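Peer 1: One structure coming up, written as structure tokens, with questions to follow.
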């Protein structure tokens, strides 16, 4: 069964304290791995897509990496405005319509000033 | 380019009533997806549609739920005879191809 597990469930950081969020996945052929940010009461906001092991993408203080079993979202020198829930999702290459995303439960990040 | 639009943002229904949720995809996007998010749960896929076609409804409950994406107008998620367990946030997403999806702000359904 295709599934996504994110850890930790919650993470508290001080402003400037770098850390990483983990996304482990099992999928019948990976078509793509996606990272989203979700603020309370809002829809997920697209951050990155990764397609193959070894791929990396960066945006401001965020950097996403991908291996054959997991992805990491590295946050460098975070600021309070980075506080949000970060969601990881995979899209399977085989089975079904290959259109739907399978989401993890997310990591809730709090950055204190 | 306006983002994905959903309305209403909040919807209150009594048990047994019908709920209609609307989604207008981003301009140029012909693929629409509906997801449900229960409190403390992750987003769960419900249905994937293209214009006038249901591509994948494997995540949709077999009864009371239906979805459409007509040639003209928004995509509609319809829930008949709502029950308390239907209370959740319903998100619509769109994409130009079955790739990265852009989400709307969601409709929060409360069943009393």
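Derivation of every value follows stated rules applied to the coordinates shown; laboratory data play no part. Fair warning: this is a prediction, and the values are worked out from it, not measured in the lab. Here the Cβ is made from the backbone with ideal geometry for all residues, glycine too, and neighbour counts use every protein chain on show.
Peer 1: Go through the residues of the stretch A:84-106 one by one and say whether even a single one is buried (at least 19 other Cβ atoms within 10 Å of the Cβ), at the interface with chain B (Cβ under 10 Å from one of its Cβ atoms), part of a loop (DSSP other than H, G, I, E, B) and at positive phi.
Peer 2: So far as the stretch A:84-106 goes, yes, one or more of its residues are buried (at least 19 other Cβ atoms within 10 Å of the Cβ), at the interface with chain B (Cβ under 10 Å from one of its Cβ atoms), part of a loop (DSSP other than H, G, I, E, B) and at positive phi.
Peer 1: Okay, next question. Quick check: anything in the stretch A:57-80 on the phi < 0 side of the Ramachandran plot and within 11 Å of chain B (Cβ to nearest Cβ)?
Peer 2: no
Peer 1: So for the stretch A:1-20 (the condition being within 11 Å of chain B (Cβ to nearest Cβ) and buried (at least 21 other Cβ atoms within 10 Å of the Cβ)), does at least one residue qualify?
Peer 2: Yes; the residues of the stretch A:1-20 include at least one that is within 11 Å of chain B (Cβ to nearest Cβ) and buried (at least 21 other Cβ atoms within 10 Å of the Cβ).
Peer 1: Taking only pairs six or more apart or across chains, which ones have beta-carbon atoms under 6 Å, a first residue in the stretch A:43-55 that is over 7 Å from residue A:66 (Cα atoms), and a second residue that is part of a loop (DSSP other than H, G, I, E, B)?
Peer 2: A:43/B:104; A:43/B:105; A:43/B:106; A:46/B:100; A:49/B:100
Peer 1: Which members of the stretch B:26-54 meet the condition of being in contact (Cβ under 8 Å) with a residue 40 or more places away in the chain and more than 13 Å from every other protein chain (Cβ to nearest Cβ)?
Peer 2: Selection gives B:28 alone.
Peer 1: Exactly one of these conditions fails for residue A:71: (1) more than 19 Å from residue A:50 (Cβ to Cβ); (2) assigned to a strand (DSSP E or B). Give me its number.
Peer 2: Residue A:71 satisfies all of (1) more than 19 Å from residue A:50 (Cβ to Cβ); (2) assigned to a strand (DSSP E or B) except (1).
Peer 1: Let me ask something additional. Look at the stretch A:57-92 and say how many of its residues are in contact with a strand residue (DSSP E or B) (Cβ under 9 Å, 6 or more places away or on another chain) and under 18 Å from residue A:110 (Cα atoms).
Peer 2: Keep residues of the stretch A:57-92 that are in contact with a strand residue (DSSP E or B) (Cβ under 9 Å, 6 or more places away or on another chain), which gives A:57-59, A:61-66, A:68-76, A:78-92.
This time we only want the ones that are under 18 Å from residue A:110 (Cα atoms), so: A:61-63, A:72-76, A:78-88.
Residues meeting the conditions: 19.
Peer 1: Also, quick follow-up: Of all residues in the stretch B:61-80, count the ones that are closer than 19 Å to residue B:17 by Cα, surrounded by fewer than 19 Cβ atoms within 10 Å (Cβ to Cβ) and in contact (Cβ under 8 Å) with a residue 24 or more places away in the chain.
Peer 2: Residues meeting the conditions: 3.
Peer 1: Could you tell me whether any residue of the stretch A:33-45 is assigned to a loop (DSSP other than H, G, I, E, B) and away from chain B (no Cβ under 12 Å)?
Peer 2: The initial filter retains those residues of the stretch A:33-45 that are assigned to a loop (DSSP other than H, G, I, E, B), namely A:39-44.
So of that shortlist, the ones also away from chain B (no Cβ under 12 Å) come out as none.
No, the stretch A:33-45 contains no residue that is assigned to a loop (DSSP other than H, G, I, E, B) and away from chain B (no Cβ under 12 Å).
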